[in-house]
Amino acid sequence: MDARKVLIIEDEKAISDIVKFNLTKEGFTADTVFDGKEGLDRALSTDPDLVLLDVMLPSMDGFEVCRRLREKSNVPIIMLTAKEEEVDKVLGLELGADDYITKPFGLRELIARIKANIRRAQPPQAPEQSSSGGVQDFGSLAIDMDRYEVRKNGTPLELTLREFELLKYLAEREDKVFSREQLLEDVWGYEYYGDIRTVDVTVRRLREKLEDDPGNPKYIMTKRGVGYFFRRS
Ligand code: CA
């Protein structure tokens, strides 16, 4: 297997260098860009396996890079937020980032997050011979578990990987209610340092793509005070 490519878009050279050094040591290929606009171009032209994206960047900030990149690509994006700014985290996730990490960060944690996000983005090597494979119908929704595609009444929906994973998880366990903590653990799939609002933000984005009326959902339902569940419609 070729080395996984990580694109680091970060204007602080000291951070960029040490991250690149450690990724290389872990067997990744790392490319660095110090400017937002150039970073966006590089992400689109080189098709990396993951983008590590700083928020404060020259020429175009990380949120704008994220938004524009998401219009054309489902590459996993981890945002680097400068401080404990809740608004930064939530905004990044709303714009389609998969994860965020707050500076200053530990390198071990960062590498673990990068690996987890890349692993999550790779479809399984061999299709699993289980009932969860193939296309499954959930009323008006058809979820292709192998090809990571969702169709609603035959029309494909453009979901990010995380949105797909969350929908798949809930749909496969129809009508069962899950707490946000449980969803973070099972869908995000590793020891997640973020907060449970990550789940709410992803549910909201999913509803906007899935539901005829996101304010009155028919698929992803809220169980007040408990969490979320899927209902076929
Ligand atoms: Ca910066």
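The values are calculated or read from the model by the stated rules, or taken from the named source; none is laboratory data. Note that the coordinates shown come from a computational prediction; the quantities given were computed from them, not determined experimentally. Don't worry about glycine lacking a Cβ; one is built from the backbone with ideal geometry, like all the others, and counts go over all protein chains shown. For the accessible areas, the whole protein counts, side chains as well, though only heavy atoms, and no ligand, DNA or RNA atoms are used. Shrake-Rupley method; radii C 1.70, N 1.55, O 1.52, S 1.80 Å.
The table that follows gives values for the structure above.
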quantity	calculated
Strands (runs of 3 or more DSSP E) within the range 1-114 that include 2 or more residues within 28 Å of residue 158 (Cα to Cα), within 16 Å of the ligand (Cβ to nearest atom) and at pLDDT 95 or above	5-9, 50-54
So residue 204, is it touching a Pro at 6+ places or on another chain (Cβ under 9 Å) and at pLDDT 85 or above	yes
Search result, residues across the range 12-40 that are β-branched (Val, Ile, Thr) and open to solvent by 10 Å² or more (accessible area, probe 1.4 Å)	15, 18, 24, 29, 32
Residue count, the range 1-11 (criterion: surrounded by fewer than 16 Cβ atoms within 10 Å (Cβ to Cβ) and not hydrophobic (A, V, I, L, M, F, W, C))	1
Candidates 70, 4 - the one that is in contact with a Gly (Cβ under 6 Å, 6 or more places away or on another chain) and touching a residue at least 60 places away in the same chain (Cβ under 8 Å)	70
Some residue of the range 41-58 being open to solvent by 60 Å² or more (accessible area, probe 1.4 Å) and aliphatic (A, V, I, L, M)	yes
Set 175, 186, 137: member being surrounded by 12 or more Cβ atoms within 10 Å (Cβ to Cβ), modelled with pLDDT of 80 or more and acidic (Asp, Glu)	186
